[in-house]
Amino acid sequence: MPPTLKHYNYLVIGGGSGGVASARRAASYGAKTLIIEGNRFGGTCVNVGCVPKKVMWYASDLATRVQQANEYGLYQGVKLDSKTLTFNWEQFKSKRDAYVERLNGIYERNLTREKVDMIKGWASFNKAGNVEVKKHDGTIEEFTSDHILIATGGKPILPVNTPGYEYGITSDGFFELPTQPEKVVVVGAGYIGVELTGVFHGLGSETHLVIRGQTVLRKFDDLIQETITDHYINEGINIHKGSTVSKVEKNPTTKKLTITLSTGEIIEDADQLVWTMGRRTFLGLGLENVGVELNSKEQIVVDEYQNTTAKLPNSKIYSLGDVVGDVELTPMAINAGRKLSNRLFGPEKFKNQKADYTNVPSVVFSHPEVGSIGLSEKDAIAKYGRDNLKIYNSSFTAMYFAMLEHKSPTRYKLICEGPNEKVVGLHIIGDSSAEILQGFGVAIKMGATKQDFDNCIAIHPTSAEELVTLT
């Protein structure tokens with residue numbers, strides 16, 4: 001007689017931020033919950049994404065600030081500039097990795113405290129519609145569940161048709177680098193490429209950025225695209241516009257890389273090549289066995305309540321996070337995961353609760369930082385028409401840089417619609433943009449108008465006060 005399958009009320013595939021948040025919330029309502037993770041708990045964000053990236057950004061930003069200390073009258077007996085900059089990559093990597101490991105432990109302890117069962121292994125659906133898990137010890141377990149969540153996230157894209165692509169690393173590999181490359185080439189104009197480029201440059205590496213178009217961050221407002229592209233060039237970053245990588249060659253003796261671009265340009269003697277060409281969904285889950293449909297980008301198709309197209313007699317299957325692709329941000333996945341569990345297992349008042357994917361604030365930890373919420377100017381014009389918009393712009397030098405010869409840009413754009421001037425877009429560039437945007441994001445989410453902004457008394461002297469004094 002075959003063994004009895006272990007049954008759960010809720011089974012979560014993927015131990016990233018969204019999956020963990022949903023599992024914990026379900027368990028808090030008394031649902032018998034299992035979460036399955038093949039790697040480390042915390043997913044991309046904690047292990048190879050926003051958390052260790054931000055730590056590296058802090059180091060890079062501090063390196064820049066230290067070099068500015070002389071102009072503030074500090075350490076004038078010591079010459080502080082890019083030529084005297086030193087950075088102990090190995091030591092800092094060890095501290096950063098230890099921090100991430102502590103977070104992994106916190107994730108697991110939180111799950112244990114909520115009485116969520118955990119299994120380390122790789123899950124897939126079999127032809128019976130049950131979930132099979134190949135555990136790390138090689139054994140296989142099979143489970144059934146009333147509700148199943150797929151929150152497996154994504155993985156970096158590699159240009160497998162480019163000769164020599166294997167000599168490069170992905171953004172995941174960035175966090176495994178044992179030493180700092182003296183000369184590095186980053187490929188990709190998205191936020192990952194822009195952030196890693198800024199980190200490398202700030203820490204003193206000769207940095208090249210290869211982009212297909214003429215600007216970076218092409219999904220953002222033109223103000224952001226143009227300002228960051230121009231500033232990176234002014235800072236000494238080598239941006240190769242209108243280019244892709246044609247081939248990569250590795251010297252077997254020196255291990256140096258020669259990178260040939262589509263324009264015919266050749267970048268020689270690179271120590272490292274980093275592919276940051278986006279991410280694709282992490283699948284291979286046997287979705288065909290349960291009727292879960294994918295779109296043209298191989299993302300799981302869901303409705304507004306995170307329901308997939310699966311048709312099973314005894315289970316319902318949901319999905320959220322990067323594997324769905326709506327808004328690929330950790331806080332969005334956490335929000336969606338909690339609201340899903342509220343709806344499935346919570347009180348009656350949550351029976352129709354769902355995540356809201358509109359007006360989601362996002363930031364880029366470039367140098368300087370970028371923040372954005374709502375529509376870009378182009379999208380606002382397409383939606384409302386140019387005559388129905390009032391757009392406010394401001395460009396100034398933040399007070400911090402008044403003492404410095406070398407300036408960094410601060411630029412703000414506020415996009416308002418209709419006679420009441422409802423704010424439909426906000427785009428900011430400059431120091432502390434991430435912190436500034438959080439509060440203004442609340443206001444915009446609540447439907448703030450330009451007059452609401454104006455009614456708020458400015459905090460002086462700050463950069464953020466500009467947003468409530470725009471004319």
Review point. Please state the relative contact order of the stretch 157-277 as a whole percent: Cα pairs under 8 Å, 6+ residues apart?
Key: 35
Practice item. Give me the angle, in degrees from 0 to 90, between the Cα long axis of helix 330-345 and the longest principal axis of the Cα atoms of the chain, rounded to the nearest 10. Key: 30
Point to revise | At 1.002 mPa s and 20 °C, Stokes diffusion of the stretch 15-134 via Kirkwood alpha-carbon radius, µm² per second | key: 122
Check your understanding: Where the only charges are on Cβ atoms (+1 Lys, Arg; -1 Asp, Glu), what is the dipole of the stretch 368-468 about its Cα centre, to the nearest 20 debye?
Key -> 320
Practice item. Could you point to the residue in SER205, GLY193, THR229 farthest towards the positive end of the stretch 157-277's charge dipole, with +1 and -1 charges on the Cβ of Lys/Arg and Asp/Glu respectively? Key: GLY193
Practice item. Distance from a point 7 Å along Cα→Cβ of ASP172 to each backbone N in the stretch 248-280: keep the residues under 16 Å and list them by number. Key: 274-280
Revision key, fill the gap. The stretch 97-123 and the stretch 194-246 have their Cα centres apart by a whole-number Å value of 36
Check your understanding: Using the alpha-carbon atoms, what tilt in degrees (0 to 90, nearest 10) does helix 433-445 show relative to the longest principal axis of the chain?
Key -> 60
Study note, to complete from the structure: Note to self: with every protein chain in place and a 1.4 Å probe, the chain gives an accessible area per residue in Å² of 49
**Study point:** Ranked by how many other beta carbons lie within 10 Å on average, peptides 24-35, 385-396 from highest
**Key:** 24-35, 385-396
Point to revise | Residue-wise HN-Hα coupling along the stretch 304-317, computed from phi with Karplus coefficients 6.51, -1.76, 1.60 (Hz; x: Gly, Pro) | key: 5, 9, 6, 6, 8, 8, 4, 10, 10, x, 10, 9, 10, 10
**Study point:** Cut-off 15 Å between beta-carbons: net charge of the residues surrounding ARG40, Lys and Arg +1, Asp and Glu -1
**Key:** -1
Exercise for review: Kindly state, to the nearest 0.05, the FRET efficiency for GLN91 paired with LYS255, given R0 = 35 Å and r defined as their beta-carbon distance.
Suggested key: 0.90
Study note, to complete from the structure: Charge dipole of the chain built from unit charges on the beta carbon (Lys, Arg +1; Asp, Glu -1), centred at mean Cα; most positive-end Cα among ILE35, SER432, THR281 is ILE35
Check your understanding: Peptides 402-412, 274-284, 117-127: what's the order by average Cβ count within 10 Å, highest mean first?
Key -> 274-284, 117-127, 402-412
Revision key, fill the gap. Charge dipole of the chain built from unit charges on the beta carbon (Lys, Arg +1; Asp, Glu -1), centred at mean Cα; most positive-end Cα among PHE175, GLN306, ALA443 is GLN306
Review point. Normalised by the residues of the chain, what does the relative contact order come to in percent, with Cα pairs under 8 Å and at least six apart?
Key: 15
Review point. Over all distinct alpha-carbon pairs, what is the Kirkwood Rh of the stretch 157-277 in angstrom?
Key: 14.3
**Study point:** Cut-off 9 Å between beta-carbons: net charge of the residues surrounding PHE396, Lys and Arg +1, Asp and Glu -1
**Key:** 0
Check your understanding: When ranked by the protection proxy of mean other Cβ atoms within 10 Å per residue, highest first, what sequence do the peptides 373-379, 458-464 form?
Key -> 373-379, 458-464
Practice item. Report in % the part of the accessible area of the chain that belongs to carbon and sulfur, leaving out ligands and nucleic acids; probe 1.4 Å. Key: 50
Point to revise | Rg/Rg_globular for the stretch 368-468, with Rg_globular taken as 2.2 N^0.38 Å and Rg from C-alpha atoms | key: 1.09
Practice item. Any of LYS6/LYS120; LYS54/LYS297; LYS95/LYS256; LYS422/LYS445 with alpha carbons more than 18 Å apart? Name them for me. Key: LYS54/LYS297; LYS95/LYS256
**Study point:** Helix 17-28 vs. the chain, principal-axis angle (Cα, 0 to 90°, nearest 10)
**Key:** 40
Study note, to complete from the structure: Gyration tensor on Cα atoms of the stretch 241-368, a ≥ b ≥ c root eigenvalues, a/c under 1.5 rounded, else prolate if a/b beats b/c, else oblate, says prolate
Exercise for review: Taking the Cα centre of the chain as origin, work out the dipole magnitude from +1 charges on Lys and Arg Cβ and -1 charges on Asp and Glu Cβ, in debye rounded to 20.
Suggested key: 1220
Exercise for review: For LYS183, list the aspartates and glutamates whose Cα falls under 12 Å from its own Cα; do not include residues on the same chain fewer than 8 positions away.
Suggested key: GLU206, GLU268, ASP269, ASP271
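The values are calculated or read from the model by the stated rules, or taken from the named source; none is laboratory data. Fair warning: this is a prediction, and the values are worked out from it, not measured in the lab. So basically every Cβ, Gly included, is an ideal-geometry build from the backbone, and we count neighbours across all protein chains shown. Ligands, DNA and RNA are excluded from the accessible area calculation, which covers all protein heavy atoms including side chains. Shrake-Rupley method; radii C 1.70, N 1.55, O 1.52, S 1.80 Å.
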